[in-house]
Amino acid sequence: MMKTRVLVPGVALAFVVLAHGATAQDTDGFSWENATELSFVSTGGNASSSTLGLKSSLIGKQGPNTFKLEVGGIRGQTDLTTRTATGTATNYTVNETTTSQLTAESYFARGRYDRELNGAFVFVGVGWDRNTFAGVQNRYAAVLGVGRTWVDDERTRFKTDLGATYTIQKDVDPAPGADDGFGGVRLSVDARQRLSPTVSFQSMLLVDENLEDTEDFRGDWTNSLSVALTEGLSFKTSLQLLYDKQPARIGVPLLDGTGTPTGTRVLAPGEELDTVLTVALVISL
């Protein structure tokens, strides 16, 4: 286990150094593209809630080199209003107390460098994510691997890659004696199809396997449909499925047989599957 912890980050660091040396000679003529997705839903009146989603992707290309940086997050909040009355049945005053409750919160940031080599490519990437409602406080991951672009033209793109990974996961309620670092392997598939001049479909699949505990299997599958409104503006709807065969354990209060809190918290497994449906406006520059 110790060899894996040292080997994967060390190889990734060496690859980053080599990549920097290779690209330092070819920085002229880099072209950059940015796409930012914005989604916001708000309700008011007797019940108030708001959900804000943001995702931004920056891609730089020059010859065989491609850099990609992505950041994003979702935050949802609900305002709960409690009403009471004081006075008599015919003469009273209504009092309102409003409390805010966070109902969803997840963030991520990741970067990746690809270099094409005779029809194939090598890549290195790092990432961080947080999803406290799923029990994950901080998860850091590094990946190093190879892949191939099978088709890439104006209508169709299909890419696959395979990489060695190293992950460090810090849970909100860590299990006693749990190992928070492990090596693994990741498979990814990137597919895109232009259905018409203004409509395109994209599917991204990531599959992570923990080689130190093969029962620990994770998947991330996102399918999206985009409709171009203008040259730099489009409408996009996405469905993301997040699967974790061994979800993080979440601390819950323990009650006795009468329903009275005991003051103790126990660790219960979270849900294996999370779904995220997003409707967003995409601004491309």
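Considering each of Thr78, Thr160, Thr167 in turn, give the residue that is closer than 30 Å to Asp244 by Cβ, touching a residue at least 40 places away in the same chain (Cβ under 8 Å) and polar (S, T, N, Q).
Unique residue meeting the criteria: Thr167.
Six or more apart or on different chains, Cβ under 9 Å: which pairs go from a residue in region 184-202 that's under 16 Å from Val124 (Cβ atoms) to one that's open to solvent by 50 Å² or more (accessible area, probe 1.4 Å) and assigned to a loop (DSSP other than H, G, I, E, B)? Could you list them?
The qualifying pairs are Gly184/Leu211; Gly184/Glu212; Val185/Leu211.
Could you list all residues from region 252-285 that are loosely packed, with under 15 Cβ neighbours inside 10 Å, closer than 16 Å to Ala175 by Cα and touching a residue at least 60 places away in the same chain (Cβ under 8 Å)?
Correct list: Arg265 only.
Please count how many residues of region 54-100 are open to solvent by less than 50 Å² (accessible area, probe 1.4 Å), of a type in the set (Gly, Ala, Ser) and either within 30 Å of Ser31 (Cβ to Cβ) or not in a strand (DSSP E or B) (or both).
Going through region 54-100 one residue at a time, the tally reaches 5.
Looking at region 189-221, which of its residues are among the β-branched types (Val, Ile, Thr) and either open to solvent by 40 Å² or more (accessible area, probe 1.4 Å) or more than 17 Å from Thr275 (Cα to Cα) (or both)?
Within region 189-221, Val189, Thr198, Val199, Thr214 qualify.
The values are calculated or read from the model by the stated rules, or taken from the named source; none is laboratory data. Being a predicted model, the structure only gives us computed values, none of them experimental. Quick reminder, even Gly has a Cβ in these numbers, built from the backbone with ideal geometry, and neighbours come from all protein chains shown. The protein model used for the area step is the full one, side chains on, heavy atoms only, and it has no ligands, DNA or RNA in it. Shrake-Rupley method; radii C 1.70, N 1.55, O 1.52, S 1.80 Å.
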